[in-house]
């Protein structure tokens, strides 16, 4: 394709001569005034302009000035045409930005040579500019990825602020657009906002994630993130004001903010914008110390903070954006977060395409081993040296979730895991889910050694309770089994430790206990007190603070359903607790007890109606709810159950008994 040359000259002979000389090699467009040149340039961009200096109305120098001040035209190379050969004119041509000049009358070879050289040089310039632009864009991409990686790293320090920096950046961008900022300034505040919390890198995680009131020292650490952020970013020159956004986004409009107590418009506008949207995102997000605020409360807080916490004009504009739904398009799905330079999934040995979160070797919440990984390590150890298995359970944990929320419950689990990590060292510790942990000590087969370790754990937990008020609402219960004595396989040890844990939970004065075989079975006297305890728990379930809320939530739902049906039908409701027991001094293996338990369940299920409800109550007990059964008929039902049990079990070493209670 031919290069385009625009010739601007008021002399028709010059225009005709130039067209004749250049027409074979270039596409030549000739105009006879500066005004006509402007009209052409409004629609086209030539590769070269030949510009006469002395023209009526608008001189060549005036045209050149207009070209230099317009971004569309300033990079078009210009060669002046002039009959004035004075040194002063030549100097002026180059001063105003000309590429070269050609004297009139033309010397064809000189003219062609200079035009060709100019177009070639401009082509080299454009190619270099293109390469430079590509390199610049690549550097910008890398810089932006680095910014996003840093922002995500900062957000990851606080478990409940994932995506916070990106949302603040997006909100700032939307507000800047409404304020009418330039594209460059809008892009700038986006990345400034992305890095506003970078100073939190220097704040301990325990302080960031603390759900209760901070001490003076902890609050000073939190406030220090603004100064630290500014220090980190002071030499970052790619985006202007980046350190200002980090340093001043916690200043208040009334002068009561930090770090310098700036007031009103003395706070940089960038920081005022980021400070406002930062607060908005904090109010509309879950935090470790509270759940997200109701939308109406958020709007009230924004209105109340006008002129005190935030710039009142910015608040009005931002509130209108919220009401218009302008912020709803800000979506932060995980896959749209940063595209990090370093693949954190691969750093920890995971590939999202190969392993799911559930298959991860670490527990996502506590950082301990996952259930799968923990069981693998324990199983491997049992094949060689054996050891001691402990199941640790947080009592009343469900109540913490209900009273304070799941965010606080998660915090309690993390603190508990920190205690276990500190005491247990390199031994195998994992979280099996919920509030249950497994701890395995290789080579420990003496009860005395196990007691020493479990008491060390309980003492460390007690010290942590003094530091963290929340933990005083819970307590650790521990069930223990030891290899060889209680089995060699993981499943055997786990079942026995679980039964030992149940025994501990049934006795308020115990904090830990070993599997004792026969002691796991309840006596008839204990069975009677167990049923009375269930009745008491159900009747006082709203105030009760004990075992029922931890162990028997499923039964609570069942009973609520049955009681509701009973109230509607005006029928009586009875509770029956069936218990397996044996003669004192006899030795019963766990497998034998489980067979008897299964026989009891089958006998009960075969003997009752479809409207009745039952559930396992313990390792040797089954709880049944009967509806609409008269007292005289209960004996018939229970006798049938006992007879069916002995037919199924076929032995007399484990006997079945029951207790009955009525509800009105």
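The values are calculated or read from the model by the stated rules, or taken from the named source; none is laboratory data. Just so it is clear, the structure is predicted and the values come from calculations on it, not from any experiment. Don't worry about glycine lacking a Cβ; one is built from the backbone with ideal geometry, like all the others, and counts go over all protein chains shown.
Brief remarks follow.
- Checking residue 238 against (1) surrounded by fewer than 17 Cβ atoms within 10 Å (Cβ to Cβ); (2) closer than 20 Å to residue 313 by Cβ; (3) touching a residue at least 60 places away in the same chain (Cβ under 8 Å), the condition it does not meet: (2)
- Residue within region 477-490 that is within 31 Å of the chain's Cα centre (by Cα), on the phi > 0 side of the Ramachandran plot and touching a residue at least 60 places away in the same chain (Cβ under 8 Å) present: no
Per-residue answers, yes or no, for (1) at pLDDT 85 or above; (2) crowded, with 17+ Cβ neighbours inside 10 Å; (3) part of a strand (DSSP E or B); (4) not assigned by TED's automatic domain parsing to the domain that holds residue 170:
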{"residue": "116", "(1), (2), (3), (4)": "yes, no, no, yes"}
{"residue": "125", "(1), (2), (3), (4)": "no, no, no, yes"}
{"residue": "129", "(1), (2), (3), (4)": "no, no, no, yes"}
{"residue": "135", "(1), (2), (3), (4)": "no, no, no, yes"}
{"residue": "138", "(1), (2), (3), (4)": "no, no, no, yes"}
{"residue": "148", "(1), (2), (3), (4)": "no, yes, no, no"}
{"residue": "152", "(1), (2), (3), (4)": "no, yes, no, no"}
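- Residues satisfying the stated conditions in region 361-394, i.e. within 21 Å of residue 417 (Cβ to Cβ) and assigned to a loop (DSSP other than H, G, I, E, B): 361, 363, 364, 365, 366, 367, 368, 370
- Region 598-613, residues that are touching a strand residue (DSSP E or B) at 6+ places or on another chain (Cβ under 7 Å), modelled with pLDDT under 80 and surrounded by fewer than 19 Cβ atoms within 10 Å (Cβ to Cβ): 611, 613
- Residue pairs whose Cβ atoms lie under 7 Å apart, separated by 6 or more positions or on different chains, with the first residue in region 644-664 and without any contact (Cβ under 8 Å) to a residue 60 or more places away in the chain and the second surrounded by fewer than 19 Cβ atoms within 10 Å (Cβ to Cβ), are 644/606; 648/602.
- Subset of region 648-664 (residues that are more than 16 Å from residue 594 (Cα to Cα) and surrounded by fewer than 14 Cβ atoms within 10 Å (Cβ to Cβ)): 662, 664
- Of all residues making up region 352-395, the number that are surrounded by 19 or more Cβ atoms within 10 Å (Cβ to Cβ) and modelled with pLDDT under 85: 2
- In the condition set (1) in a loop (DSSP other than H, G, I, E, B); (2) closer than 30 Å to residue 453 by Cβ; (3) modelled with pLDDT under 70, residue 509 is compliant with all but (3).
- From the options 398, 403, residue that is under 19 Å from residue 504 (Cα atoms), at pLDDT below 90 and outside any strand (DSSP E or B): 398
- Tally of residues being outside any helix (DSSP H, G or I) and either crowded, with 20+ Cβ neighbours inside 10 Å or touching a helix residue (DSSP H, G or I) at 6+ places or on another chain (Cβ under 9 Å) (or both) across region 258-273: 6
- Options 440, 494, 461, 490; residue that is under 24 Å from residue 366 (Cα atoms) and crowded, with 23+ Cβ neighbours inside 10 Å: 440
- Lone unmet requirement of (1) modelled with pLDDT under 90; (2) outside any helix (DSSP H, G or I); (3) touching a helix residue (DSSP H, G or I) at 6+ places or on another chain (Cβ under 8 Å) for residue 471: (2)
- Residue 429 in contact with a helix residue (DSSP H, G or I) (Cβ under 8 Å, 6 or more places away or on another chain) and over 17 Å from residue 375 (Cα atoms): no
- Highlighted here are the helices (runs of 4 or more DSSP H) found entirely within region 175-257 that include at least 3 residues which are out of contact with any helix residue (DSSP H, G or I) (no Cβ under 7 Å at 6 or more places or on another chain): 183-194, 216-233.
- Any chance residue 477 is modelled with pLDDT of 90 or more and either surrounded by 13 or more Cβ atoms within 10 Å (Cβ to Cβ) or closer than 17 Å to residue 593 by Cβ (or both): yes
- Residue within region 302-325 that is at pLDDT 60 or above, over 26 Å from residue 185 (Cα atoms) and in a helix (DSSP H, G or I) present: yes
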